[in-house]
2 protein chains.
Amino acid sequence: MDKKQTVVIFEDNRHLRESLEFLLNLSEDYKCVGAYPNCNQLAENLKGKDCQLCLMDIEMPGMSGIEATKIIKHLFPHINVLIQTVFSDDDSIFQAICAGASGYILKTTSPEEYIEALKDVQSGGAPMTPSIARRVLQLFKVSVQIPTNEEYNLTEKEKLVLQQLTEGKSYKMIASELSISTETVKTHIKNIYAKLHVHSSTEAVAKALQERII
Amino acid sequence: MDKKQTVVIFEDNRHLRESLEFLLNLSEDYKCVGAYPNCNQLAENLKGKDCQLCLMDIEMPGMSGIEATKIIKHLFPHINVLIQTVFSDDDSIFQAICAGASGYILKTTSPEEYIEALKDVQSGGAPMTPSIARRVLQLFKVSVQIPTNEEYNLTEKEKLVLQQLTEGKSYKMIASELSISTETVKTHIKNIYAKLHVHSSTEAVAKALQERII
DNA sequence: TATTCCATCCCCCATTTTAGGTATTGATAC
DNA sequence: GTATCAATACCTAAAATGGGGGATGGAATA
């Protein structure tokens, strides 16, 4: 790395804030270009600073670190936000991550690990504790998992037809796509409706997409 | 914790496998109830073992640890799978996590950290490195974010109607739901079609659900 | 061999949806 | 004070869809 990474600190505890500033400026790879006790002038504080990384406290008077993170990621998407907090409060850290934070560290962390976490973020990592990671994983699984709703016993052709339906195609288009007559498409769709217990294409598409039957 | 946690090991390197078994049986909290060099008799190996945790190598002759993880999570969803690997190969670890793994550790990890990771998993955590965590985060954001497809300029009423449409309702049902005439519903839907550039309800529903316009 | 299941096609008929319009009201903007 | 737009509603006609049948050949299965 050629140049020092620029860091801005938001931390209401003066002692900690100044310690961090000191620590960063001591290091070879980082320099602190701003340190503030709250986020009430967030935008002005960051404007024109060429800031690459934010150290963000969660609990601060006025705007919370989570709100601030959202705003930063909206105004300056390139800035990585690293949350720092006293207690490992899963819920607020989780919220912070959802708000766009790149990771978090405990304030009880040793100076070496602090710098380590900064490097993790810089190299594209997202430092977080296992319990946070698990929560993220679970959320992720919820939205990605295939809920094994293959229980409708659709045949291969029926799945194909349903697939086409979810792409918004009409009977005619499906027919030509699958090289069968529209009457056959109709028969398949009738059977699909019976199996899914629906009575219209919109219902079928909604069910297929929401339960990922496709 | 009252009883020892039961662990099964899948690891093709005999030396490592036996070391792990030894390490686990030495510990206060774990006992190894099986250790196998591959996953070719996976189901039989786990059946009737009351196994709570699996240590799973990724690279093994025959079935890979990722395949094995999928099968385990399908057959025995309660079992937590902890991936162990020599190199921090982001991609396969990521795949393993998608397959349902609860975390992973490097084989170079010290015995203390090994036990630490096991405890993390047991207490609901998901040990992983920052780089993996970042990838999971990114994927998570991709699947959760609202892709700002508010660019269709739907009015409030139109969004409402579209919402109902995605629930599979007919014009009549929407009309009575929103206490307007079906003719008005029709008008709204015509406008929706024009704005989304679609020509049927299935297309509209597909677009709405896939792009999360709802 | 008989039976069952799947994929294919056809018919009829009622209902729903789509595609053109037009029109009124109220609110907001210029 | 006029223009614009959202929301409301109606009309007509064409097109698509849904629900009820029935029929055939082929493959798998009992």
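Since every read-out is calculated from the coordinates, none of them should be taken as a lab result. This structure is a prediction, so every number in the text was calculated from the model and none was measured. No Cβ is skipped: glycine too gets one built from the backbone with ideal geometry, and neighbour counts run over all protein chains shown.
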Past 25 Å, Cα to Cα, is the threshold; run A:107/B:4; A:73/B:159; A:107/B:73; A:3/A:47 against it and keep the listed order. A:107/B:4; A:73/B:159; A:107/B:73
May I ask you to report, in nm to one decimal and beginning with the shortest, the distances from residue B:67 to the same position in the other copies, taking label points 7 Å along Cα-to-Cβ? 5.4
For A:196-205, what's the mean count of beta carbons from other chains sitting within 10 Å of each residue's beta carbon? 5
Residue B:48 label points, 7 Å along Cα→Cβ, one per copy: pairwise distances from this copy to the rest in nm, shortest first? 7.8
Let me spell out the model: positive unit charges on the Cβ of Lys and Arg, negative unit charges on the Cβ of Asp and Glu, origin at the Cα centre of region A:17-61. What dipole size does that give, in debye rounded to 20? 160 debye
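Using the Cα gyration tensor of region A:1-69, with a ≥ b ≥ c the square roots of its eigenvalues, what is the shape: rounded (a/c below 1.5), prolate (a/b larger than b/c) or oblate (neither)?
oblate
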In nm to one decimal, list the spacings between the residue B:153 label point and its equivalents in the other copies, with label points set 7 Å along Cα to Cβ, shortest first. 5.0
